[in-house]
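Please read the structure below before turning to the comments.
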Amino acid sequence: MADIHPFILSGGAGTRLWPLSRQAYPKQFLKLFGEYSLLQQACQRVSGEGFAAPSILANNEHRFLVGEQLQDIKVEPAAIVLEPCARNTAPAALIAALVTARSDPSDLVLLMPSDHVIPDVASFSSSVKSGAEWAKSGHLITFGITPDGPETAYGYIETEGDEPVRGVRRFVEKPNADVAREYVDAGNYFWNAGIFLFEANTLIAEFERLAPDILDCCRRALDGAGEDLDFLRLDLDAYGENRNISLDFAIMEHASSIKCVPYAGQWSDLGSWSALWEIQDKDADGNAAQGDVHFTDTRNSFAYSESAALCLLGLDDVFAVATRDAIVVAPKDRAQDVKAVVDAFQKNGRNEVFEHARVYRPWGWYEGLSEGDRFQVKCLMVKPGGRLSLQSHFHRSEHWVVVSGTAQVTVDDKTVLMTENESTYIPLGATHRLENPGKLPAYLIEVQSGRYLGEDDIVRYEDVYNRD
């Protein structure tokens, strides 16, 4: 059988894992356990025999994060396709089919999220390959997770028969607790994992029959796509005309040839802090922790600290998460309600929703250290080969001090090479650039001063990353 073409969806914001997951750096890019991020684990999960190189559908704002994380694990993607705006999983799935069909319409596509935890790679691969024969015969394959309890946060798939690949009676939206309990007791209901396997031409034909408007938008978006560095950027106008609708609603609930592959291995979509607690190793009191955490007279709780010592005293069944700029403490059974906090912060324009204290850029990162009236101090890390845009500022001047590594600095018509403990001054309005020509990361302290210090006070003249 020909290779299966994985298409990994990486557009989510992961708001229920706030404050660790932020819009600019959501949960699929985080190393929540182990040495690899969830996106990297998803790529590694489908890197074995029988799988082609993966393609990624990513948010435009995350394109450099995706590229960098794939480079870190030495994965050469078949494509990184950029969504100009979010339109749910139906248009995303169709783009996956259309991109794959360009090489061979009969190729199999494995559509999967980037932020799931599936530790047993061999078992997952076996499940995928057991559904491949059915997919080659024109069926749409979905994967159902064997439930270990009456979960109300997931949709369900009602199946028929007891074969390794079963028929599907219906898809059910998230039930209440009583109905979920009935589903688990019945034994033929599975959690809907949002993982699908299909021939490219099979899914395209279903869209032509059930959602021709989406097919028209996606075809035009792909025909009008442009190459940008290593990315394929879908046409904004055409893609933006799509309905915001899931693949389940648009296609799966109405298609006739659907099969379900039950999967009994460990799985989690890490949809909340309580879900992360469930898959962690725990101490004798049922507590799980990451970072500098200390439990006293505390049970069945989860704590995460990015830097400070975090102490839980006399608490049961709670989670506590502390980053540099935000802290959340709540009962574990309220973990899903973190999204309400994020929504409220977003309405108030709080930056903690969008970015971490450490802000990642394609050239490296910067992190605020101190700020006050008319001044701001940051630490910058410029990775080897990294190059900031050629730019100027209307409202601020800057001092740069090299802490370690090598930095090449251009100010107007002068370029100098700076090493440890050397500094330079960037006058207000001067055209300047910072780059790292060395083989090690360059760390600098930047002191900004002026009447306005916002990140939007930048005029770019040239940028190797094609940013606006």
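Just so it is clear, none of the values below were taken in a lab; they were calculated from the coordinates. Every value quoted in this text rests on a predicted model; they were computed, and no experiment measured them. Ideal geometry is used to build each Cβ from the backbone, glycine not excepted, and the neighbour counts take in all protein chains shown.
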Listed residue (S126, W277, C217) projecting farthest to the positive dipole end of the chain, Cβ model: C217
Cα shape, the range 16-100, gyration tensor, a/c 1.5 rule: oblate
Amide H within-cut-off set for A52, under 5 Å, with H built and near neighbours excluded: I4, H5
For the chain, the longest site-free run once GluC sites (Glu not before Pro) in DSSP loop states with at most 10 other Cβ atoms within 10 Å are removed: 50-454
Phi to ³J(HN,Hα) by Karplus 6.51 cos²θ - 1.76 cosθ + 1.60 over the range 402-413, Hz, x for Gly, Pro: 7, 8, 7, x, 10, 10, 9, 10, 10, 10, 6, 9
Approximate spin-label separation D223-L313, in nm, with each point projected 7 Å along Cα-to-Cβ: 6.9
Cα-based reach from K129 at 24 Å (exclusive), listing lysines while leaving out same-chain residues under 8 positions away: K259
Mean ellipticity per residue at 222 nm, deg cm²/dmol - from DSSP H runs of n ≥ 4 across the chain, formula -39500 (n - 2.57): -6500 deg cm²/dmol
Sorted by Cβ density within 10 Å, fewest first, the residues I195, I56: I195, I56
Helix runs (DSSP H) in the chain reaching 24 Å along axis by Cα, Kyte-Doolittle at least -1.0: none
Relative contact order (%) - the chain, alpha-carbon pairs under 8 angstrom, separation at least six: 14
Label-point separation, T419 to A284 (7 Å along Cα→Cβ), nm: 5.5
Highest-first arrangement of 27-34, 8-15, where packing means the average Cβ count within 10 Å: 8-15, 27-34
Cleavage-rule hits, chymotrypsin sites (Phe, Trp or Tyr not before Pro), the range 342-446, DSSP coil, Cβ neighbours within 10 Å at most 14: F394
Percent of alpha-carbon pairs separated by more than 20 Å within the range 273-343: 22
Structure-derived percent of Cα pairs over 32 Å apart: which label, when the choices are (1) 47; (2) 40; (3) 37: (1)
Rg over Rh [alpha-carbon atoms, Kirkwood Rh] for the range 4-263: 0.94
The range 4-263: relative contact order in percent, alpha carbon pairs under 8 Å with at least 6 residues between: 24
Filter on K27/K347; K74/K174; K27/K74; K31/K332; K27/K332; K31/K339 - keep pairs with C-alpha separation over 27 Å: K74/K174
